[in-house]
Every structure is written in structure tokens, then in C-alpha cells.
1. Of all residues in region 108-132, which are of a type in the set (S, T, N, Q) and either surrounded by 13 or more Cβ atoms within 10 Å (Cβ to Cβ) or assigned by TED's automatic domain parsing to the domain that holds Leu63 (or both)?
2. Is it the case that Asp77 is over 17 Å from the mean Cα position of the chain (by Cα), surrounded by fewer than 19 Cβ atoms within 10 Å (Cβ to Cβ) and within 30 Å of Ala161 (Cβ to Cβ)?
3. Need the failing condition index for Gly167 against (1) under 23 Å from Gly49 (Cβ atoms); (2) in a helix (DSSP H, G or I); (3) in contact (Cβ under 8 Å) with a residue 12 or more places away in the chain, just the number.
4. Looking only at residues that are over 12 Å from Phe120 (Cα atoms) and surrounded by 14 or more Cβ atoms within 10 Å (Cβ to Cβ) in region 150-166, which one is modelled with the lowest pLDDT?
5. Restricting to region 29-55, name every residue that is touching a residue at least 24 places away in the same chain (Cβ under 8 Å), outside any loop (DSSP other than H, G, I, E, B) and closer than 14 Å to Asp66 by Cα.
6. Confirm whether Asp66 is exposed (fewer than 13 other Cβ atoms within 10 Å of the Cβ), modelled with pLDDT under 95 and not polar (S, T, N, Q).
7. Only one of (1) of a type in the set (Ser, Thr, Tyr); (2) more than 17 Å from Leu42 (Cβ to Cβ); (3) at pLDDT 90 or above; (4) surrounded by 14 or more Cβ atoms within 10 Å (Cβ to Cβ) is not met by Thr135, so which one is it?
8. Looking at region 72-82, is at least one residue within 23 Å of Pro108 (Cα to Cα), outside any helix (DSSP H, G or I) and in contact (Cβ under 8 Å) with a residue 12 or more places away in the chain?
Amino acid sequence: MTVAGLSESIAVPLVGVDSVSVKQSAVKKYVVTLSVEERELLQTAIRSGKHSARKLLRARILLKADASQAGDAWTDDRIAEGLDTSPKTVARVRQQLVEEGVEGVLTPKRSPNSARERIFDGASEAKLIALACSTPPEGRARWTLQMLEDQVVALKIVARASDNTIGRTLKKTSSNRT
């Protein structure tokens, strides 16, 4: 028996798969067929366990959905039940694999429209860190976030910044000034 994937014109033989799962796979618009290298990449990611839960789930979905000879060729419902996710998620992962490849599935997408523009770029962040590490104003033992906020605006490092933004920026560096 063979099932043809829409992404490739090559028919993929299915060995060791019952006729029910072949029938369900034949209806699938996106058939997952992983190469040996792709399977090894996914298995290594799962074995290491040093990735996000999202990436590990997607790797497991792809391995279970793989219709190659080395794969399990599970149905979407069986994968969803076995991995405690929804069949819709499994279908989206299948589609994304065919359209973008394995790396596209495992790499999270960031919409440029959804993220706000950063207030501190590299140069202004360096100036903020230098200011925070400098001696505080007279009468003060250390800089407060509010004082840093006022000072970065007064020095025209940035047009505006909240104390929360300054705190987050300093926290992500190895500075211990906050």
C-alpha cells in the first residue's frame, strides 16, 4: 500500500500499518514523512530534554505522525490522545512541517506587528548600565529606579522610560544594581 503526500510526488510505502490507519492517512492533506536525519534530530531533542515544552511536544507529534518505514504513522486523534493535546494542534504541526520543514516547526514564530518596539537598544542600554554602575547623587547610597528613570530622560538617552522598563532592562543583564 502507498500514500502520496501533497508536498512530494513520490508515493511512500507504508509497512506494518493496518488498513484503517492507511485509510485515514490517505485522507490527510499533509502526510508526514521524515528522513533518517530528521528523525535523529527530533529524537535527540527529546532525549536531551533541554528544550521548551512546546518544542518537545511538536517533536513527539512529528515522530508519531511519521508515515515513513521507521515511523509510527499514528492518526491525529491517536496522537492527540497519547500526547494530551488537541487534534487541531496535530493537524497544524503536520501542515507546518510540509510548508516550512522541521526547523520551521521547532522554531517559535514572533510576529513583528505584535511586539512593541524596544525602548532601549544596545547603545542606550549600555549607557543605562553605565549610569546605574556610576556613583549615585549626593545624599544617596544607591540609584533608585525612579532616579534612573529621571536621569536617562534628562540625559536624553531615551525620550521616555518607566521605572519598570529600567528594572527589566537591568535585570536581564548581569548587573546586581536592582
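The values are calculated or read from the model by the stated rules, or taken from the named source; none is laboratory data. Since the structure is predicted, the reported quantities are computational estimates derived from the model, not experimental observations. With ideal geometry, Cβ positions are generated from the backbone for all residues, glycine too; neighbour counts draw on all protein chains shown.
1. So in region 108-132, the residues of a type in the set (S, T, N, Q) come out as 111, 113-114, 124.
Residue satisfying the conditions is Ser124 alone.
2. Working: over 17 Å from the mean Cα position of the chain (by Cα): yes; surrounded by fewer than 19 Cβ atoms within 10 Å (Cβ to Cβ): yes; within 30 Å of Ala161 (Cβ to Cβ): no.
Spelling it out, it is not the case that Asp77 is over 17 Å from the mean Cα position of the chain (by Cα), surrounded by fewer than 19 Cβ atoms within 10 Å (Cβ to Cβ) and within 30 Å of Ala161 (Cβ to Cβ).
3. With (1) under 23 Å from Gly49 (Cβ atoms); (2) in a helix (DSSP H, G or I); (3) in contact (Cβ under 8 Å) with a residue 12 or more places away in the chain applied to Gly167, the lone miss is (1).
4. That would be Asp163.
5. Val36, Glu38, Arg39, Leu41, Leu42
6. On the way: exposed (fewer than 13 other Cβ atoms within 10 Å of the Cβ): no; modelled with pLDDT under 95: yes; not polar (S, T, N, Q): yes.
Against the criterion (exposed (fewer than 13 other Cβ atoms within 10 Å of the Cβ), modelled with pLDDT under 95 and not polar (S, T, N, Q)), Asp66 does not qualify.
7. Against the list (1) of a type in the set (Ser, Thr, Tyr); (2) more than 17 Å from Leu42 (Cβ to Cβ); (3) at pLDDT 90 or above; (4) surrounded by 14 or more Cβ atoms within 10 Å (Cβ to Cβ), Thr135 comes up short only on (4).
8. There is no residue in region 72-82 that is within 23 Å of Pro108 (Cα to Cα), outside any helix (DSSP H, G or I) and in contact (Cβ under 8 Å) with a residue 12 or more places away in the chain.
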